[in-house]
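The values are calculated or read from the model by the stated rules, or taken from the named source; none is laboratory data. None of the values given here were measured: they were computed from a predicted structure. Cβ: placed from backbone, ideal geometry, glycine included. Neighbour counts: every protein chain shown.
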Amino acid sequence: MLIDILAAAASEAPQTQFGFWEAMEGNYVAWAILVVLIIQSVGSFYILFTKLFEQNKIMKQYRSGRPAFWRASSLSEGVSKFEKNSAWRQLVDDTLAAEAEHKNMADSLEAHDWLHGSLARSESAINAKLAGGLPFLATTGATAPFVGLLGTVIGIYRALINIGIAGSASIDKVAGPVGEALIMTAIGLLVAVPAVFAYNFLQSRNKRLASMLSGFSTELLANVASKGAVKPAIKAAPAAAAKA
């Protein structure tokens, strides 16, 4: 009999639901903050994968095109060894354009400076394109924890309001807002940490690419200044080595 009475009382007692959706229910400010964090997270991963694909493509073009380029008899012939719209072809095209223009300069020092400046501008343009999107990652990594902290402050504020209205700090009044506050803190960190790792990873690879671009520009400048006499040492092609 006693067991039946307790079971009936339990069934009649209000059941309070606790969870993510219950914590966020009715709080439009928290939803707005959550949407901002989701946008930052999606944008960070999009930039990570697209820039990683772009970097791998440029490195692959360098490894496959550079040997064939330097085996050509001239820069004009070798430029076709690189894919159109590639960073390496842009450097060669800019070199050929600068070489055609510098012939109008009587002073050899001015001609060298013109070539060097043209290649430097070309490198800067390529490096600026490679750096595209990285400011978004840096901004996300720096601001996402504070965006999450704003959600935390709002959650605690809601908990204090509920305590004031109820006149007591009962668990059913503060669990939802406090849970919302903790969720926002965690989401802010989950958004920021991958963005920081992605920024540092892509930045280190961009520095490596910048070094490769600088080295290739130096080779081009030396080749033009020596009228084709100076070329980097390139291993023989596999087919040619087999015939030899």
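Here are the numbers for this structure:
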{"read-out": "For ASN104: the one exception among (1) surrounded by fewer than 16 Cβ atoms within 10 Å (Cβ to Cβ); (2) touching a residue at least 24 places away in the same chain (Cβ under 8 Å)", "value": "(2)"}
{"read-out": "Residue within segment 192-210 that is touching a Pro at 6+ places or on another chain (Cβ under 8 Å) and within 29 Å of VAL147 (Cα to Cα) present", "value": "yes"}
{"read-out": "Residue count for segment 193-211, restricted to those that are surrounded by 15 or more Cβ atoms within 10 Å (Cβ to Cβ), among the aliphatic types (A, V, I, L, M) and closer than 16 Å to PHE136 by Cα", "value": "4"}
{"read-out": "Filter result for the condition that a residue is closer than 16 Å to PHE216 by Cβ and of a type in the set (S, T, N, Q), over SER76, SER44, SER64", "value": "SER64"}
{"read-out": "Selected residue (criterion: nearest to VAL35 (Cα to Cα)) from residues of segment 136-180 that are hydroxyl-bearing (Ser, Thr, Tyr) and at pLDDT below 85", "value": "THR152"}
{"read-out": "Yes/no for PHE53 being more than 22 Å from GLY215 (Cβ to Cβ), modelled with pLDDT of 90 or more and either surrounded by 12 or more Cβ atoms within 10 Å (Cβ to Cβ) or among the acidic types (Asp, Glu) (or both)", "value": "no"}
{"read-out": "When residues of segment 97-130 are limited to those that are touching a His at 6+ places or on another chain (Cβ under 7 Å) and more than 16 Å from LEU75 (Cα to Cα), the one modelled with the lowest pLDDT", "value": "ALA111"}
{"read-out": "Filter result for PHE216 (surrounded by fewer than 15 Cβ atoms within 10 Å (Cβ to Cβ), at pLDDT 85 or above and of a type in the set (Phe, Trp, Tyr))", "value": "no"}
